[in-house]
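Working notes for the structure below.
Since every read-out is calculated from the coordinates, none of them should be taken as a lab result. Source: prediction; values computed, not measured. Note that we place each Cβ from the backbone using ideal geometry, even for glycine, and neighbour counts take in every protein chain shown.
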Amino acid sequence: MRHLAGLLVLALLAAVVAWFALSPQLGWWLPAPASTIAHPIDALFDGITVVIAIGFALVMMLLAWAVWRGARVQSGRARTSHGHLGLELLWSGAIGAVLVGIAYAQLPTWAALRDPNAMPKDGTTANVIAHQWAWRFEHPGADGQLGTVDDVETASELVVPAGEPVLLTLRSRDVIHSFFVPEMRIKQDVVPGRATPLWFTIERPGTYEVVCAELCGFGHYAMAGRVRALARPEYDAWVAETARARNTSGAEDAR
Amino acid sequence: MSAPTNEPVGCAMSAPTNEPAGRALSDHHAQRGFLRTWIITVDHKVIGIQYLVASSAMLLFGGLLAMAIRWQLAWPWTEMPIVGQLVFGESGRVISPAAYTALFTMHGTAMVFFAILPLLTGAFGNYLVPLLVGAPDMAFPRLNAASFWIFLAAMGLFLAGFFVEGGAADSGWTAYPPLATLPSAAPGSGAGQTLWLLAIVVLGVSSVLNSLNAVVTVVKMRAPGMTWMRLPLTVWGLLVASALQLAALPVLTAGGVLQLSDRIVGTAFYTPAGLLVNSVAPEVAGAGGSPLLWQHLFWFYSHPAVYVMVLPAMGFVSDILSVNARKPVFGYKPMVWAIGSIAGLGLIVWGHHMFTSGLGFEMGRAFMLSTMLIALPSAVKTFNWIATIWGGRIRLTAAMCFALGFVALFVIGGLSGLWLAATPVDVYLHDTYLVVAHFHYIVFGGTVLAVFAALHHWLPKMTGRALNETLGRWHFLGTFVALNCVFLPMHQLGIAGMIRRTADPSVYRLYEHLAPLNRFVTWSAFVLAAWQLLFVVNVLWSLRSGTRVGRNPWEATTLEWDAPSPPGHGNFDRDLVVDCGPYEYGDAAGARDFRPQARART
């Protein structure tokens with residue numbers, strides 16, 4: 001047991017490191033990034049992961065050594081030491097510097113995500129309406145304006161152009177929901193009684209899952225949606241197509 | 001009722017000190033009979049044990065709820081063998097979506113409010129505070145008994161939720177309105193939620209009384225010579241946690257009263273205008289409320305509550321590491337300052353639970369900064385713990401194993417907090433399993449391991465009998481391995497984007513490849529739960545036939561080891577005076593390698 005204790009700490013260290021090193025290969029890691037903001041967020045995540053790894057390895061090795069040695073050496077007595085101010089200042093300073101560094105490094109990305117001044121002036125707009133337990137989307141139609149007669153309403157699928165800014169306004173009809181697109185690294189709670197802005201730029205055409213991330217009742221787990229990003233020409237064609245469908249059939253839902 | 005600090009300790013309560021007190025005390029106990037000894041009592045030690053039994057039962061109950069949650073996540077919508085018929089018979093032995101939401105709501109509530117908090121401040125707070133400061137009892141013994149019975153009433157209200165129409169509360173332990181406040185939003189938002197709120201409000205009253213008692217006891221009833229800077233860190237942890245409760249808990253209680261009023265009277269503190277819930281327009285007056293108001297009030301308490309759940313644990317660990325390394329705690333004063341600054345900063349970090357809720361850009365920045373700062377004292381404590389055992393003569397008792405396990409796993413829980421403190425990364429990780437992994441490392445890997453350490457350390461004092469050390473170490477080993485198998489993979493689930501509180505991850509294509517991981521976690525959770533039987537066996541065996549221990553089985557310095565095991569009513573059988581700090585171990589301690597704090601008063 002005396003020899004095992006230190007080994008157990010090292011085993012924990014090895015297991016955690018191996019597990020974290022293996023997970024990206026096994027696919028148990030960040031999904032492939034799909035929006036422009038995903039890159040700085042992933043870079044921050046990776047940077048913090050490195051800090052965590054170094055901190056963890058350092059502390060575990062110190063702990064393992066202290067336990068292994070302390071459990072082996074039983075003769076005589078330990079030296080009575082009540083502390084050391086210099087050491088306290090040393091590690092407080094080092095840890096403090098790292099924390100301030102992390103705090104500073106994430107400021108620009110936070111601003112890009114949430115600073116009202118960073119909101120795109122001329123992006124494609126859309127309304128998101130959340131309710132138990134589905135997403136509805138209102139697209140501006142051919143005139144590019146929301147709240148006009150040619151608005152296109154869809155259920156479950158938001159259609160936006162890829163490669164340019166998109167500006168959403170989120171509203172909820174009943175309880176709090178959260179608009180989460182894992183591949184785009186964006187998440188915004190949809191609080192009833194508020195119109196919450198959210199903006200992003202999707203890099204490549206594709207379909208990305210929308211997950212409701214805030215508990216909204218027992219159907220919460222099934223409140224799925226999609227974002228379909230189209231290249232500009234396809235997006236224009238989709239808008240024209242929905243307009244034609246409306247003119248010929250008067251269909252409300254152009255899915 | 002309370003004895004001022006300068007009075008000789010030991011004569012304030014009922015213990016006559018001019019008799020051979022030790023024998024007199026135990027005779028006294030024996031005469032009282034079961035009811036007067038264990039049920040109707042104002043003795044802080046018995047009240048502590050009452051709390052211990054009640055909150056351990058809730059810990060077990062919350063653990064069983066977790067097993068059902070894990071069943072659903074590993075094999076969604078499949079029939080549960082054996083217990084399925086009994087518990088989920090009505091829905092075809094399958095957990096229904098509504099039942100699932102109630103499961104995790106009640107799991108979280110049971111664990112936070114009725115297991116962990118009362119284990120620390122109720123059980124250990126009551127048992128240890130008077131003993132460690134050298135007082136005969138708490139400052140207000142009757143108030144103390146009252147706080148336990150009020151706690152029990154809250155527990156009854158909480159459990160009654162399972163038996164009302166619509167079932168137990170099911171809007172999460174965070175009870176966010178409007179989901180929680182509008183009965184049309186969820187089945188559990190009917191009578192179940194009302195009972196849940198009543199339980200929380202009543203519990204709030206109990207906890208405030210209990211905390212007040214602990215604070216007054218430490219301030220007013222310390223033994224002669226027990227200066228502030230001679231208090232064991234366990235006392236500091238419990239004291240500051242109690243002060244934190246006093247500062248923050250009334251806010252939650254007030255918020256809970258407002259939510260009750262929204263539900264019962266029809267006010268709209270949290271309900272905005274124009275809702276249409278389940279095709280029903282809620283019947284509320286005015287309807288100009290804000291759902292975010294609740295989040296502020298809730299987290300203003302519930303974030304500090306995290307520190308209430310960990311500060312006493314840190315204290316236990318500091319003491320146990322020092323005793324078993326036969327060395328003083330390294331940097332006692334920095335440790336005290338760290339406890340204080342964790343508590344102070346803990347009051348201004350609640351906004352980090354709201355980074356995605358529309359908190360605003362500047363507010364997000366401010367709360368990010370305070371959150372980063374609070375990592376500093378926690379990290380300083382970790383380094384101090386390592387320095388404490390550095391070069392020690394380590395005795396690997398079961399208590400020491402658990403205390404070392406606490407340090408290792410608290411580090412994991414603390415470090416994963418760095419991802420969550422960085423706002424842009426939190427936007428992605430918020431409400432994913434990474435958060436679940438993070439707080440379970442703190443609360444289970446941290447606090448629960450510290451509670452096991454404390455039980456191995458102090459149960460012999462409580463019962464007068466030793467636990468089996470070998471069995472205790474095996475219990476530690478299995479618990480340590482299994483709990484890492486449960487909670488470590490949850491990091492990966494969260495990093496892959498899997499949200500928490502989902503009843504069925506297979507709904508999303510993104511989560512399909514995570515199914516094997518979820519099943520592994522579930523199997524590990526079953527092992528973890530089953531392994532706890534070792535501890536139950538150990539305690540029962542010890543109560544029946546554990547070796548009798550003397551006053552000071554661990555050769556420790558603090559005052560409780562001067563009292564008989566178990567101490568009688570009034571605690572000490574001689575008048576004590578304290579003339580040194582709590583951690584005099586090692587080569588400078590004197591004739592032996594430890595120097596007790598207590599001297600007989602002459």
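Some points to look at:
- Length added when fully stretched, residue B:83-residue B:257, from 0.36 nm per residue minus Cα-Cα: 59.0 nm
- Part-to-part distance (alpha-carbon centres) for segment B:288-353 and segment B:253-279, which is given in Å: 31
- Segment B:368-441 shape via C-alpha gyration tensor axes, a/c threshold 1.5: oblate
- Pairs from B:45/B:381; B:45/B:327; B:327/B:461; B:220/B:461 whose Cα-Cα separation, in the structure shown, is over 27 Å: B:45/B:381; B:45/B:327
- One way to sum up the overall shape of chain B is the equivalent ellipsoid from its Cα gyration tensor, whose semi-axes run 41, 26, 24 Å, largest first.
- Distance between segment B:118-154 and segment A:201-225 - C-alpha centres, whole angstrom: 48
- As a rough footprinting exposure proxy, the listed residues B:585, B:176 were ranked by other beta carbons within 10 Å of their own, and the order from fewest upward is B:176, B:585.
- Modelled spin-label separation between residue A:10 and residue A:117, with each label point placed 7 Å from Cα along the Cα-to-Cβ direction: 5.4 nm.
- Using the Cβ-Cβ distance between residue A:234 and residue A:142 with R0 set to 22 Å, the FRET efficiency works out to roughly 0.90.
- Summarising the amide proton neighbourhood of residue A:194: residues at separation of 5 or more, or on other chains, whose placed amide H is nearer than 5 Å comprise A:172.
- Eligible lysines near residue A:187 by straight Cα distance, threshold 28 Å, same-chain separation 8 or greater: A:121
- Exposure proxy ranking, count of Cβ atoms within 10 Å, fewest first, for B:504, B:319: B:504, B:319
- Ellipticity estimate at 222 nm from DSSP helix runs (n ≥ 4, -39,500 (n - 2.57)) divided over chain B, nearest 500: -19500 deg cm²/dmol
- In order along segment B:92-102, phi translates into HN-Hα couplings of x, 6, 10, 6, 7, x, 5, 5, 5, 5, 5 Hz, rounded to whole numbers, per the Karplus curve 6.51 cos²θ - 1.76 cosθ + 1.60 with θ = phi - 60° and x for Gly and Pro.
- Fewest-first ranking of A:153, B:79, A:214, using other Cβ atoms within 10 Å as the exposure measure: B:79, A:153, A:214
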